[in-house]
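What follows is a single structure, written as structure tokens, with notes after it.
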Amino acid sequence: MAMTITEKILARASGKKTVKAGELINAKIDVVMCHDVTTPAAISMLIEKGIDKVFDKNKIVVTPDHFQPAKDIKSAELHKRLDEWAKRQKIKHYYKIGKAGVCHALLPEQGHIRPGEVIVGGDSHTCTYGAFAAFSTGIGSTDLAASIATGELWFRVPESIKFILNGKLPHGVYSKDVILAVITRIGVDGALYKAMEFVGPALKDMSMEARMTITNMAIEAGAKNGVIGFDSVTKKYLAAHLKDKKAYKVFESDADAEYSSVEEFDCAKIEPMVAMPHLPSNAVPISKCKGMAMDQAYIGSCTNGRIEDLRIVAKIFKGKEVKIRTIIVPATPVIWKQADDEGLFDVFYKAGCVISAPTCGACLGGFMGILASGEKCISTTNRNFVGRMGSPKSEVYLASPATAAASAIEGKLTDPRRYI
Amino acid sequence: MSKAHVYKRDHINTDEIIPARYLNTDNEQELARHCMEDLDAGFVKKLNKGDVIVAGDDFGCGSSREHAVWAIRGAGVATVIARTFARIFYRNAIDCGFYLIESKDAIERIADGDEVQIDYDKGIIEDKTNGQRIEFRPLPDFALEIIKDGGLLEHIKKRKS
């Protein structure tokens, strides 16, 4: 029976020869990602239910990220609970502050993501890891507790939508613009309960970092997972990053696999996009919104806080000054160090930006860049819901790092192509 | 009898249900005080225990924070009736034993403030204010089993023993 890559990975994980969309399965989990917001609750549940154990201390990856360094007493208490548990359970891959980073940037960078595997995490953007030909999905605290204790979880095998990304991205247009265009076409529930499978020639030229920006935002279309097939770019990244060098299994969709629908995009025609408040599906080309005054630019997050993003921003900022508050958040300590070594911090400092420690921070309205009422922020993050980055009366505009950087220089929404 | 709090909106998201500024705790009663705060600041005040929320498509989209379900449950909401639910919210609710109702037309047929009575087994919502009977398909068997056991963790414990 013909299967999609998502079906093949789930078939392997559930010990079956084949599975098909709609089927309920029990899958073995290869990696469980734990952070500071959803994990402490899962730990408390396990203790309360008398099943305080971990299925495999080597397969759980822990990093505080949302509110780290602790932003207040309550979040410090969350960190304390996470820390005590990780130490007590002798979790092998526990990234403490100094090594901790935004989870979805950290796990691939530290080599925890392998093709063909099933990864779950207590965070909706866990779908990021699908860029590595893996199945990964976000879960809540109860599912997390069950995964931690048993290493298994129930799933309904999702139907898949195929997104064919044709053509070549024009100068100044990035994978962020592509995913905003995709979500805007299908809507924030356009892929509800489904897998978003991305294929096509435009992906060939994209780095793993750029691909992760695409799968990261699959949840913004309601998807269960986003997935991109394996190729030489994936192979090279894994050779440089994988912790465990043992062979991994590469799955690919059969040519005659079934899709619930197919969407084609000519990437050559995509412009820099900006998602207007208050949905990621409200994106318009920059030509339709340029000139709107902004109060803050935020460059960071699991969507666009990687080294490649910071390089693009530094290139635009070089020799210039920003007109609005500009906050730069390298997503992991390794990215932070790399940016420093490459002289990017010097450029950011001279441009008048502030550089933060790795954290999810203001992306979700936590801290380090909260918006006041009436303020507008151009942000490289993934959500622009009401109140997402602060006051319910503030507004978030989502865009690529290049568009955010160009807008920071002019203090208003600006076409980045003028600066590249 | 339950009162219906109707929000004629799609994509009511987790940031509206429980803003991230309150995620520094996982205490259900604390979270409950801020339930729906960024959508309707007066929600908690007007809510009586056992009331229901009625909404459009994609209820609970966004974050994986189960805090959204806890805030709603903690505030005393008996169930959420929506045209569709976002995937993670739906899972989270089942996992913690909280019943959800998918109904294509409840949002059209129930007015804000109507008194409703729900028969979960038969799949019927009776709107006592306008006399309408709205049928819905009860949750699938596996979900009902989890809810009956008191949530996923109890379900797992029971299955293993």
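Nothing in this text is a laboratory measurement; each read-out follows from the coordinates by a stated rule. Keep in mind it's a predicted model, so treat the numbers as computed, not measured. Counting neighbours? That spans all protein chains shown, and the Cβs are built from the backbone with ideal geometry, glycine included.
Would you mind classifying the protein assembly as shown by shape? Square roots of the alpha carbon gyration tensor eigenvalues, ordered a ≥ b ≥ c; an a/c under 1.5 is rounded, otherwise it is prolate if a/b is larger than b/c and oblate if not.
It is rounded, given that a/c, with a ≥ b ≥ c, falls under 1.5.
Report, in deg cm²/dmol and to the nearest 500, the calculated mean residue ellipticity at 222 nm for chain B, where each DSSP H run with n ≥ 4 adds -39500 (n - 2.57) and the sum is divided by the residue count.
For chain B, the value works out to -8000 deg cm²/dmol.
DSSP loop (so not H, G, I, E, B), at most 16 other Cβ within 10 Å: list which GluC sites (Glu not before Pro) in segment A:1-79 pass both filters.
A:GLU23
Where the centroid of each part is defined by its Cα atoms, how far is segment A:323-379 from segment A:39-96 in Å?
26 Å
Quick check on segment B:1-89: of the DSSP beta bridges with both residues there, what percent are antiparallel, nearest 5%?
Antiparallel bridges make up about 0 percent of those DSSP assigns within segment B:1-89.
Quick check on packing: order A:408-414, A:52-58, B:14-20 by the mean number of other C-beta atoms within 10 Å, highest mean leading.
For the peptides A:408-414, A:52-58, B:14-20, the packing ranking is B:14-20, A:408-414, A:52-58.
For the cross-link pairs A:LYS16/A:LYS92; A:LYS224/A:LYS290; A:LYS315/A:LYS337, which exceed 25 Å when the distance is taken from alpha carbon to alpha carbon?
With Cα atoms farther than 25 Å apart: A:LYS16/A:LYS92; A:LYS224/A:LYS290.
Amide H neighbours of B:VAL54 under 5 Å, counting only residues 5+ apart in sequence or on other chains, H built in-plane at 1.01 Å?
Here the answer is B:HIS5, B:VAL6, B:TYR7, B:ILE81, since their amide H atoms fall under 5 Å of that of B:VAL54.
Tell me, B:ARG159, A:ARG388, B:ARG33, A:ARG81 in order of fewest to most beta-carbon neighbours within 10 Å?
By the 10 Å Cβ count, ascending: B:ARG159, B:ARG33, A:ARG81, A:ARG388.
Under a GNM of chain A (C-alpha, springs under 10 Å), which listed residue has the highest mean-square fluctuation: A:GLN338, A:GLN68, A:GLN296?
A:GLN338
Does segment B:1-48 come out rounded, prolate or oblate, given a ≥ b ≥ c as the square roots of the eigenvalues of its C-alpha gyration tensor, rounded meaning a/c under 1.5 and, failing that, prolate meaning a/b above b/c?
Numbers: a/c = 2.35, a/b = 1.32, b/c = 1.77.
Note, shape of segment B:1-48 comes out oblate.
Counting Lys +1, Arg +1, Asp -1, Glu -1, what net charge surrounds B:ARG133 among other residues with beta carbon under 11 Å of its beta carbon?
Numbers: positive: B:ARG109, B:LYS122, B:LYS128; negative: B:ASP119, B:GLU126, B:ASP127, B:GLU135.
Once all neighbours under 11 Å are counted, the net charge is -1.
Can you give the net charge of the other residues whose Cβ lies under 14 Å from the Cβ of A:LYS323, counting K and R as +1 and D and E as -1?
+1
For chain A, what is the calculated [θ] at 222 nm in deg cm²/dmol (nearest 500), taking -39500 (n - 2.57) for each run of four or more DSSP H residues and dividing by its residue count?
Helices in chain A give a 222 nm mean residue ellipticity of -8500 deg cm²/dmol.
Lysines within cross-link reach of B:LYS45: Cα-Cα under 24 Å, excluding same-chain residues under 8 positions apart?
Filter leaves A:LYS393, B:LYS3, B:LYS8, B:LYS128.
Using a/c under 1.5 as the rounded threshold, could you call segment A:167-325 rounded, prolate or oblate? The axes a ≥ b ≥ c are square roots of the C-alpha gyration tensor eigenvalues, and prolate needs a/b larger than b/c, oblate otherwise.
Working: a/c = 1.98, a/b = 1.31, b/c = 1.51.
It comes out oblate by the Cα gyration axes.
Which residue, A:HIS35, A:HIS171, A:HIS66, tops the fluctuation ranking in a GNM of chain A built on C-alpha contacts under 10 Å?
A:HIS171
Specify the residue with the greatest mean-square fluctuation among A:LYS337, A:LYS87, A:LYS376, computed from a Gaussian network of chain A linking alpha-carbon atoms under 10 Å apart.
Most flexible of the set in this elastic network: A:LYS87.
Just tell me which aspartates and glutamates come within less than 17 Å, Cα to Cα, of B:LYS158; anything on the same chain fewer than 8 places away is out.
A:GLU48, A:ASP52, A:ASP143, A:GLU152, B:ASP95, B:ASP141, B:GLU145, B:ASP149
Check the straight Cα-Cα distances from A:LYS90 and name the lysines below 22 Å, setting aside those fewer than 8 residues away within the same chain.
Those lysines meeting the cut-off are A:LYS28, A:LYS49, A:LYS53, A:LYS57, A:LYS59, A:LYS80, A:LYS99, A:LYS243.
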